[in-house]
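Bear in mind these aren't lab numbers, they're just calculated from the coordinates by the rules spelled out. Please read all numbers here as calculations on a predicted model, not as lab measurements. A quick note on method: Cβ atoms are made from the backbone with ideal geometry, for glycine too, and the neighbour counts reach across all protein chains shown.
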């Protein structure tokens, strides 16, 4: 993708799918200056390698990084091999298990191969924060504590919950946001990305940069993607994840299992599709396109099409009962006549509504007109569970 030199257009691309930009005015000024001085912005995102496998929830942020790359900016892919040994307490209501350095590095080794499916790995700057933290003395680390107060740290929602339950919070956990913030000082980050659950840590980075006399980074938060259960944030521990290295057939099937409402969020965050055009499609058709598009991102269009064919074949076998009711067609039967006569609908108005929604199919093909004449045998399907075998 060619670099876009119009700051307004860049801002429009960057804003898609974001929750908050602190601040949008600062970001616009940085974009203007970047174009004027022909110097790319430094965009930072941190990854604690606590698990070796990435899922679609992670790719929300990775896709936004790719957008910055395509706009000509410099992406710093920060692997928190040092902070990963502490464990980010964000969103935790209990102490997090600390990983050994060996465990962290082992997980980190799998990252580059996986992110190559989304990012241009030849252009990203992969950095490990152990490269500066391991050189700091105890005094240097302790001096970082002067950049935050106990009351500020205790304001975190997850810490408040744990304190209200009488649970312990270690001083090591208090240090985590300060260390993450110091990463931004070292890298002189212009922008930092993170999920909405990271807002506290990201803002600490802004504050520490100011204390060190640096321009403050713009903070961009991205929504947390719900998993296939439609409730909890996607994660391996919740068992609701879709891994980017899963077999294509499994990935396709999992995407097809999400709700229609969640489907549009997936379209917005995981594709570049025009959402207004997507909303014109029937939900099932849209979901099939979503699954095919996402699978093709991590495999190929050919493999994605095969996964679609396999899914539709298996789905039709599972959903079509063997002992269907039989309806003998009469001359000039309209679809509404058949539906009402076979008692698949209570009223013609209900039939019109279902046809308008695209919920009525004959032999797998959607019927769009209420005056459609049925003159062929086959399987009539209404919604997901109502079937009728037509005979002439």
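Evaluate the distance, in nm, between pseudo-label points positioned 7 Å from the Cα of residue 371 and of residue 16 along their respective Cα→Cβ axes. Modelled inter-label distance: 4.1 nm. Looking at the chain, the DSSP beta bridges with both ends there are about 45 percent antiparallel. Comparing region 7-222 with the 2.2 N^0.38 Å rule of thumb, its C-alpha radius of gyration ratio is 1.01 (two decimals).
Full extension of the chain between residue 131 and residue 24 gives 35.3 nm of extra length, using 0.36 nm per residue less the Cα-Cα distance. With R₀ set to 35 Å, the beta-carbon distance separating residue 305 from residue 392 gives a calculated FRET efficiency near 0.55. Comparing mean-square fluctuations of 126, 138, 43 from a GNM of the chain with C-alpha springs under 10 Å, the top value falls on 138. For the chain, the longest principal axis of the C-alpha atoms and the axis of helix 283-298 are separated by about 40°.
Overall, the anisotropy analysis places region 326-391 in the rounded class: the square-rooted eigenvalues a ≥ b ≥ c of its C-alpha gyration tensor yield a/c less than 1.5. Applying 1/(1 + (r/R0)^6) with r as the Cβ-Cβ distance of residue 152 and residue 347 and R0 = 51 angstrom yields a FRET efficiency of 0.25.
Just checking the listed ones, 23, 170, 34: in the Gaussian network model of the chain with Cα springs under 10 Å, the one fluctuating most is 170. A compact globular protein would have a Cα radius of gyration near 2.2 N^0.38 Å; the ratio found for region 248-319 is 1.04.
Estimated purely from DSSP H runs of n ≥ 4, each contributing -39500 (n - 2.57), the mean residue ellipticity at 222 nm for the chain is -13500 deg cm²/dmol once divided by its residues. Relative to the longest principal axis of the Cα atoms of the chain, the long axis of helix 56-70 makes an angle of roughly 70 degrees.
Given R₀ = 30 Å, FRET efficiency for residue 257-residue 74 by Cβ-Cβ distance, to 0.05?
On the way: r = 38 Å, r/R0 = 1.28.
Approximately 0.20, to the nearest 0.05.
Compared with the dominant principal axis of the Cα atoms in the chain, helix 301-319 is inclined by about 50°.
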